[in-house]
Ligand code: UDX
């Protein structure tokens with residue numbers, strides 16, 4: 001099929017390449033000239049494991065091209081809209097500027113029979129509104145809403161082997177046409193054995209926000225348990241193992257630490273609350289306020305713990321932060337808890353050095369006031385306290401004895417509970433974890 005993908009961020013770039021791998025003719029469109037130039041040259045414009053290999057593979061087939069002009073989407077049979085929906089400045093609600101402008105532009109190039117597929121995470125009700133706008137300009141085109149559940153750092157695998165497909169479609173013949181088109185897009189091997197749910201627009205939109213809210217709630221639940229474990233002298237990692245063995249609960253997303261960040265969970269729960277308020281259903285989501293509050297409290301707590309680790313005062317203490325990205329295997333620093341903690345420590349008088357294998361360039365753009373050191377050994381040299389805040393493999397595998405020889409004082413705060421406390425203590429370290437005795 002001929003496919004266009006509007007918006008080539010973490011979602012769209014991977015989606016475009018994956019669709020080309022399936023055998024489709026794909027054009028990816030983005031306003032950012034630098035991004036388009038990189039992708040057109042077969043290079044990934046951001047760090048995502050497996051994406052460079054996938055781009056190289058499909059570039060060789062000639063089935064994937066990129067453009068800065070939506071006009072190049074004309075002639076495609078299926079148009080995926082993958083633009084961002086960030087949080088509005090100073091408000092909880094989602095900013096739909098990019099979605100609205102993508103649809104407004106695209107509408108001028110649609111033909112009868114075209115299928116427009118929204119993938120962006122939007123407030124419930126957006127698809128119905130956009131369907132009317134599409135119908136007004138291109139009555140023969142059909143809108144479907146097909147949320148995406150990929151995780152950064154696993155985006156290629158999540159796109160090529162998804163857990164499920166959710167199609168939000170209108171009633172009747174247009175809905176059947178949209179369903180058939182999406183089935184053809186995702187035809188075997190992708191769709192083989194993968195559950196597919198065909199629902200209405202509102203349900204499809206809500207599936208995405210509900211899933212992200214559930215994940216955020218799971219993380220804040222275990223972080224609340226970590227607070228209790230700290231108060232009671234219990235171990236939250238053992239608690240998570242034990243409750244996670246109940247397969248109604250499950251062990252995934254029960255890792256206590258410095259909380260969730262990134263371009264999705266924080267802003268999605270806030271936008272969900274804002275939308276619920278507009279719908280007169282705000283009471284249903286008041287618990288998400290608490291989920292958010294528990295999450296933000298993690299950051300404050302880590303700053304306090306660092307102060308304790310530094311003997312009661314941060315003034316002039318050399319603190320090294322391991323990790324800037326919001327999670328490992330990503331260079332994304334949007335709402336990164338690690339950088340937020342680093343900035344607060346610096347404000348409170350610590351001399352902070354931040355290191356990260358991939359995210360320093362993005363970190364510098366967001367927090368230019370922080371000091372960055374790309375070489376791990378240099379970052380470790382002379383530190384008074386180490387803070388492991390993003391669990392990159394190279395930090396999880398640090399050797400307690402070797403690192404002990406580099407630092408000024410052997411103080412470590414394991415903000416993701418990924419180190420072995422016994423091994424670090426045996427090597428002479430003052431080890432502090434999250435919710436661990
Ligand atoms: C999330 C959803 O997982 C994905 O399905 C959706 O499509 C987009 O939003 P992503 O933002 O890439 O994906 O990251 P995710 O792996 O969900 O992690 C989010 C944050 O939660 C990270 O900061 C991570 O460190 C934190 N986290 C995750 C925890 O603190 N504890 C956990 O147990 C799991």
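The values are calculated or read from the model by the stated rules, or taken from the named source; none is laboratory data. This structure is a prediction, so every number in the text was calculated from the model and none was measured. Every residue, glycine among them, receives a Cβ derived from its backbone with ideal geometry; neighbour counts consider all protein chains shown.
Condition check: within 16 Å of the ligand (Cβ to nearest atom), in the same structural domain as residue 416 (by TED's automatic domain parsing) and under 24 Å from residue 434 (Cα atoms). Does residue 401 satisfy that? Give the derivation first.
Details: within 16 Å of the ligand (Cβ to nearest atom): no; in the same structural domain as residue 416 (by TED's automatic domain parsing): yes; under 24 Å from residue 434 (Cα atoms): yes.
So residue 401 fails the test.
Residues that are over 30 Å from residue 154 (Cβ atoms), without any contact (Cβ under 8 Å) to a residue 40 or more places away in the chain and surrounded by fewer than 22 Cβ atoms within 10 Å (Cβ to Cβ) occur in region 327-348; there is at least one.
Please return the ranges of helices (runs of 4 or more DSSP H) entirely within region 195-285 where 1 or more residues are touching a strand residue (DSSP E or B) at 6+ places or on another chain (Cβ under 7 Å), within 30 Å of residue 331 (Cβ to Cβ) and within 13 Å of the ligand (Cβ to nearest atom).
On the way: elements: 201-232, 236-244, 265-278.
Hits in region 195-285: 201-232, 265-278.
Among the residues making up region 142-180, those that are away from the ligand (no atom under 14 Å from the Cβ) and buried (at least 21 other Cβ atoms within 10 Å of the Cβ) are 142, 143, 144, 145, 167, 168, 169, 178. Would you say residue 91 is in a loop (DSSP other than H, G, I, E, B) and either closer than 23 Å to residue 139 by Cα or in the same structural domain as residue 20 (by TED's automatic domain parsing) (or both)? Yes, satisfied.
Selection of region 109-141 for residues being within 18 Å of residue 70 (Cα to Cα), in a loop (DSSP other than H, G, I, E, B) and either within 16 Å of the ligand (Cβ to nearest atom) or within 26 Å of the chain's Cα centre (by Cα) (or both) yields 119, 120. If you go through region 386-404 and keep only what is under 19 Å from residue 337 (Cα atoms) and either in contact with a strand residue (DSSP E or B) (Cβ under 6 Å, 6 or more places away or on another chain) or crowded, with 19+ Cβ neighbours inside 10 Å (or both), you end up with 386, 387, 388, 389, 390, 391, 392, 395.
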